[in-house]
Amino acid sequence: MTPSRILLIDDEPAFRTLSSQWLASEGYQVQTGASLSELQSRLDEFDADLILLDLSLPPHFDPQHTLAALPQFIERPVIILTGHGERELALEALRQGAWDFLAKPIDPDMLAVVVKRALTKHHLVRELNNLKSNQGGKQALETLIGASPSMNTIRALVSRIAPTDVRVLVTGPSGTGKEVISRAIHDLSNRANQPFISVHCGAIPADLLESELFGHTKGAFTGADKARDGLLKLADGGTLFLDEIGDMPWAMQVKLLRVLQEGSFYPVGGRALETIDVRLVSATNADLAEKVRLGEFREDLYYRIKGVNIETRPLDERSEDIPLLINHFLALQATAFQQAPQHPDSQAFNWFMQRRWPGNVRELKSALDSVAAIARNGVITLDDIALLYPDAQTDNQVSTSSASTDSANRPDQPSMAHPDQSLDAQVRALEITLISQALAQHNNNRTHAAQALGLSRQGLLKKIERYGL
Ligand SMILES: Nc1ncnc2c1ncn2[C@@H]1O[C@H](COP(=O)(O)OP(=O)(O)OP(=O)(O)O)[C@@H](O)[C@H]1O
């Protein structure tokens, strides 16, 4: 185990030497300093777990001065060392967030107890924060719904690259979850507590994009009546998500390249260079390599933003994700409206499975939202769907009657959608579809669905949990 680090700040050299020797003999790693400015500079290099701090420090020897600075150091425990008769000051220090105080002359046994207690608390708080962020990370991955091989690969990639600062380019058709993936990368990263700033490059007029991104000084252009920070500055410390980066005007591409190369930029009209630290995640549904070939996108920028490429697949190529997405969106709706989740009956379920979704997950979600809004008694039927999609009845009949010739469209016998995938993946896809169908057929009654599937109720429950159904 690495020894705990203690920073001792006191202006008396003899006290510093003796105390630090004693603390070192107790197994602590100790550094010392004699003033407030040394406290700050030591902390830049020595990530102390605890600070022992005298209040009267040079050059002012004014305890109020030290008290005023105290709040910036209390993310770790600070133990105040007071002189005789400084009780009021010590109490004030506790009010400002100090962990405890010790009156000089310091009793080594007392010091040992107080330091140990403070460090134990500090380690517990750190552990709790780690647990919380791991939990947050797990939740972030759970927002990426889908059991298809492509979604499994995406989740694995996201969890590997999120904690690094590597740039990510998410590509794929519209509505396939590029923004959700980008958000999950941020939420799983060490920047999760910092801002996630999303910029839709295609939606901001070209002449405004520069000042939106870089900010501007007062009077930089007509209408700039006060200085304004740009989105890059707002994203400092966090993640900048550039959506539809393929639509970024050429002139802006040059400027963005400079920011990525140098980590700095000038606000519009400004002369002071701003430095920022952002992780860049970009997304596009365009074929950027083709755009580069056509001279519409800068090749140097393309390679700068690419880092790791995550590719999403159209929903029609991963129909095994549909039942999970249906459940997910209906559960979200139920939470939003504080009601029990609705579920589709068997015909409605088949309609969702059979239909093509050129708008991908976004279109599926919007269809579900509107159909669920008009469904009654918690069950979505084909009649409900037909009110909004007049072809639904015919679609269903066509797909049912063509079932004998086209196994991919058979509602009651789902096909092996991906013959090129591993047997495991195909079995999983088939199970998800069959279970979802059985649940729909039996009005979500798990006992009846289990009987129909030839499973024990317990066995079905296990599968439902495993697949997140
Ligand atoms: N795998 C998924 N899990 C959960 N929700 C998803 C998933 N994929 C997409 N969605 C949902 O679908 C909708 C569209 O997703 P998103 O905006 O991320 O797509 P996109 O690929 O960025 O689209 P565009 O290219 O049009 O910007 C959102 O409501 C999102 O929550």
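Condition check ((1) hydrophobic (A, V, I, L, M, F, W, C); (2) in contact (Cβ under 8 Å) with a residue 40 or more places away in the chain) across all residues:
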position: Val168; (1), (2): yes, yes
position: Gly172; (1), (2): no, yes
position: Glu179; (1), (2): no, yes
position: Gln194; (1), (2): no, yes
position: Ala206; (1), (2): yes, yes
position: Arg228; (1), (2): no, no
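Hey, Gly246 hits all of (1) under 12 Å from Leu169 (Cα atoms); (2) of a type outside the set (S, T, N, Q); (3) away from the ligand (no atom under 16 Å from the Cβ) but one; which does it fall short on?
Exception for Gly246: condition (3).
Looking at region 359-373, which of its residues are more than 26 Å from the chain's Cα centre (by Cα) and either aromatic (Phe, Trp, Tyr) or within 12 Å of Ala348 (Cβ to Cβ) (or both)?
Keep residues of region 359-373 that are more than 26 Å from the chain's Cα centre (by Cα), which gives 367, 370-373.
Once the filter is applied, which keeps residues that are more than 26 Å from the chain's Cα centre (by Cα) and either aromatic (Phe, Trp, Tyr) or within 12 Å of Ala348 (Cβ to Cβ) (or both), region 359-373 yields Ala367, Val371, Ala372.
Condition test on Arg356, is it in contact (Cβ under 8 Å) with a residue 40 or more places away in the chain and surrounded by fewer than 20 Cβ atoms within 10 Å (Cβ to Cβ)? Give the derivation first.
Values: in contact (Cβ under 8 Å) with a residue 40 or more places away in the chain: yes; surrounded by fewer than 20 Cβ atoms within 10 Å (Cβ to Cβ): yes.
Yes; evaluated as a whole, the condition is true for this residue.
Among the residues of region 286-296, is any free of Cβ contacts under 8 Å to residues at least 24 places away in the same chain, of a type in the set (Lys, Arg) and not in a loop (DSSP other than H, G, I, E, B)?
Yes, there is a match, as at least one residue in region 286-296 is free of Cβ contacts under 8 Å to residues at least 24 places away in the same chain, of a type in the set (Lys, Arg) and not in a loop (DSSP other than H, G, I, E, B).
Here is a list of conditions, (1) within 16 Å of the ligand (Cβ to nearest atom); (2) over 30 Å from Val158 (Cβ atoms); (3) among the aliphatic types (A, V, I, L, M), and Leu388 meets all of them except one; can you say which number that is?
Answer for Leu388: the failing condition is (1).
Is at least one residue of region 139-157 hydrophobic (A, V, I, L, M, F, W, C), in contact with an Asp or Glu (Cβ under 8 Å, 6 or more places away or on another chain) and within 24 Å of Phe15 (Cα to Cα)?
no
Name the residue, out of Asp229, Asp236, Asp225, that is within 21 Å of the chain's Cα centre (by Cα) and over 18 Å from Thr176 (Cβ atoms).
Working: Asp229 fails: within 21 Å of the chain's Cα centre (by Cα); Asp225 fails: within 21 Å of the chain's Cα centre (by Cα).
The conditions single out Asp236.
Does Ser174 satisfy the condition of being of a type outside the set (A, V, I, L, M, F, W, C), in the same structural domain as Gln253 (by TED's automatic domain parsing), closer than 21 Å to Gly237 by Cβ and within 15 Å of the ligand (Cβ to nearest atom)? Full working, then the answer.
Details: of a type outside the set (A, V, I, L, M, F, W, C): yes; in the same structural domain as Gln253 (by TED's automatic domain parsing): yes; closer than 21 Å to Gly237 by Cβ: no; within 15 Å of the ligand (Cβ to nearest atom): yes.
Considered against the rule, which asks whether it is of a type outside the set (A, V, I, L, M, F, W, C), in the same structural domain as Gln253 (by TED's automatic domain parsing), closer than 21 Å to Gly237 by Cβ and within 15 Å of the ligand (Cβ to nearest atom), Ser174 comes out as no.
Can you confirm whether Ala392 is crowded, with 17+ Cβ neighbours inside 10 Å and modelled with pLDDT of 80 or more?
Working: crowded, with 17+ Cβ neighbours inside 10 Å: yes; modelled with pLDDT of 80 or more: no.
No.
Could you give me the residue pairs with C-beta distances under 6 Å whose first residue belongs to region 123-145 and is over 16 Å from Arg191 (Cβ atoms) and at pLDDT 80 or above, whose second residue is of a type in the set (A, V, I, L, M) and within 16 Å of the ligand (Cβ to nearest atom) wherever it lies, and which are 6+ apart or on separate chains?
Thr143/Ala184; Leu144/Ala184; Ile145/Leu324; Ile145/Leu325
Taking the conditions exactly as written (closer than 23 Å to Leu231 by Cβ, under 9 Å from the mean Cα position of the chain (by Cα) and more than 12 Å from the ligand (Cβ to nearest atom)), does Arg191 satisfy them or not? Steps first, please.
Values: closer than 23 Å to Leu231 by Cβ: yes; under 9 Å from the mean Cα position of the chain (by Cα): yes; more than 12 Å from the ligand (Cβ to nearest atom): yes.
Against the criterion (closer than 23 Å to Leu231 by Cβ, under 9 Å from the mean Cα position of the chain (by Cα) and more than 12 Å from the ligand (Cβ to nearest atom)), Arg191 qualifies.
Against the definition (modelled with pLDDT of 85 or more, within 16 Å of the ligand (Cβ to nearest atom) and either of a type in the set (Gly, Ala, Ser) or in contact with a Phe, Trp or Tyr (Cβ under 6 Å, 6 or more places away or on another chain) (or both)), how does Ser198 come out, yes or no? Explain how you work it out, then say what you get.
Numbers: modelled with pLDDT of 85 or more: yes; within 16 Å of the ligand (Cβ to nearest atom): yes; either of a type in the set (Gly, Ala, Ser) or in contact with a Phe, Trp or Tyr (Cβ under 6 Å, 6 or more places away or on another chain) (or both): yes.
So Ser198 fits the description; yes.
So, in region 167-184, exactly how many residues are crowded, with 23+ Cβ neighbours inside 10 Å and farther than 19 Å from Leu260 by Cα?
Total satisfying the criteria: 5.
Taking only region 156-166 into account, find how many residues are closer than 21 Å to Thr284 by Cβ, at pLDDT 90 or above and surrounded by fewer than 20 Cβ atoms within 10 Å (Cβ to Cβ). Lay out the reasoning, then the answer.
Our first condition is that a residue be closer than 21 Å to Thr284 by Cβ; within region 156-166, this holds for 157-158, 161-162, 165-166.
In the following step, the residues that additionally are at pLDDT 90 or above were identified as 157-158, 161-162, 166.
Filter again for surrounded by fewer than 20 Cβ atoms within 10 Å (Cβ to Cβ), leaving 157, 161, 166.
Looking only at that region, the number is 3.
I'd like the full set of residues that are in a helix (DSSP H, G or I) and within 16 Å of the ligand (Cβ to nearest atom), limited to region 339-370. Steps first, please.
Step one: list which residues in region 339-370 are in a helix (DSSP H, G or I), which gives 346-354, 360-370.
Answer for region 339-370, where residues must be in a helix (DSSP H, G or I) and within 16 Å of the ligand (Cβ to nearest atom): Phe352, Asn360, Val361, Arg362, Glu363, Leu364, Lys365, Ser366, Ala367, Leu368, Asp369, Ser370.
Looking at the structure I just gave you, is Ala440 in contact with a strand residue (DSSP E or B) (Cβ under 9 Å, 6 or more places away or on another chain), closer than 20 Å to Asn327 by Cβ and at pLDDT below 85?
Details: in contact with a strand residue (DSSP E or B) (Cβ under 9 Å, 6 or more places away or on another chain): yes; closer than 20 Å to Asn327 by Cβ: yes; at pLDDT below 85: yes.
Yes, satisfied.
The values are calculated or read from the model by the stated rules, or taken from the named source; none is laboratory data. Just so it is clear, the structure is predicted and the values come from calculations on it, not from any experiment. Cβ: placed from backbone, ideal geometry, glycine included. Neighbour counts: every protein chain shown.
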